[in-house]
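Q: One structure coming up, written as structure tokens, with questions to follow.
Here, each number is a calculation from the coordinates, and none is a lab measurement. Just so we're clear, the structure is a prediction, and the values are computed from it rather than from any experiment. Backbone-built Cβ (ideal geometry, glycine too); neighbour counts: all protein chains shown.
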């Protein structure tokens, strides 16, 4: 039986590193480390079960060997040979059992190390995804384009990027963080932190009811690929501020709906009628998009979506946080079957979807916005994060916005590369999208004006905190 042992087979099974495909770095999905560990742990349990069975056989063989003891002085062909054969079989069986137990223990030890690393990441003490090698790239980013990278933003979210998103003056933000630490509060929990900033310093950014008013409905040709959906989002944003789109398609005789939400549309002053202005950032990150979600639900009902209909949600930047919040909104999920969420350049690491909802997150290495919540996206079977690694820059005379990595056009190009990839995580992930929407074709699109309820009393300019040196001008 020696030839049946795993010894010399190359060591214990371990998960594969996150995949790369050209300029795509892929994390999560069926090829992700967490899902691989789930499979390996299931295999380890099977190995332990086999080892237990072999142990029982080993006990039986040992009993046979003991019972053959009195025959060891019989003629060799009958006594000694039988005793030797059983003894060697017992040794071989024990070797296989020990190897199985060793493999299982190694898998479990590897899984423990992974869980420790994940807990450190959740505590905000993880190294960046690129390791500390992100520092040379950060120097290039800052000196060439004057913007942080995604990894740098995650590493410094609570001291830099979150303050920039909220438009809070640096001195006020530092004072606020010091008070939070002195009070013993957790400053790594982004949602509660944003709510406290809003309540104390930026009350005009607090969410107010949002209504969805139908503006235009027309027949359209729908490209249901990730790139096609982002192209519709780009066109929606160019059509004017404060609008979402609901697209209806048919797939195999059943209706499915696509909700498309744009990125941040800056307004002066913020907190006005457009729910996607800077105040929308506070609602998305700190309040679970409670008012925007209710308006999205209303828009779906207005176009005739029925209880239990399947929905795909697509969002860019702030809009990605809103649509991802749909994945944990119990009222929305009680009404509709949200199957898939696509985000681009969005800070969604702190949003945990309900089980069974598949999501694809596109991020760029040079885009600090998806790192502004300080949290990496979880690595799960149903959740894939694709980091685009191609170097980009703002053309001479072009609008830098929030940096060259945050442009919707770049994410569109990345989505095309995703559709062309043969990576197993991406193939399985986009198959869910295709299963809901089909191959595309004829559909109907309805645009809605989203209107935030006016403030009870306008905020006087002198009541506002002093503005910081950096102004939010992009998406």
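Q: I need 213, 296 ordered by Cβ neighbour count within 10 Å, fewest first.
A: Lowest count first: 213, 296.
Q: Order these peptides, 315-327, 234-246, by their mean beta-carbon neighbour count within 10 angstrom, highest first.
A: In descending order of packing, they fall as 315-327, 234-246.
Q: Please compute the length gained on full extension between residue 331 and residue 431, using 0.36 nm multiplied by the number of residues separating them and subtracting their Cα-Cα distance.
A: Length difference between fully extended and current span is 33.3 nm.
Q: Grab the beta carbon distance between residue 53 and residue 439, set R0 = 51 Å, and tell me the FRET efficiency rounded to 0.05.
A: Calculated transfer efficiency: 0.55.
Q: Among 368-377, 224-233, how do they line up from the highest to the lowest mean number of other beta-carbon atoms within 10 Å?
A: Top of the packing list down: 368-377, 224-233.
Q: Exposure proxy check: 430, 352, 380 ranked by fewest other beta carbons within 10 Å?
A: Arranged by neighbour count, lowest to highest, 430, 352, 380 become 352, 380, 430.
Q: Something else now. Taking square-rooted eigenvalues a ≥ b ≥ c of the alpha carbon gyration tensor, is segment 205-452 rounded, prolate or oblate, where a/c under 1.5 means rounded and, failing that, a/b exceeding b/c means prolate?
A: Rounded is the answer for segment 205-452, as its axis ratio a/c remains below 1.5.
Q: Go ahead and run the numbers for FRET between residue 91 and residue 42, Cβ-Cβ distance against an R0 of 30 Å, rounding to 0.05.
A: It comes out at approximately 0.50.
Q: Would you mind ranking 332, 257, 276 by Cβ crowding within 10 Å, fewest neighbours first?
A: 332, 257, 276
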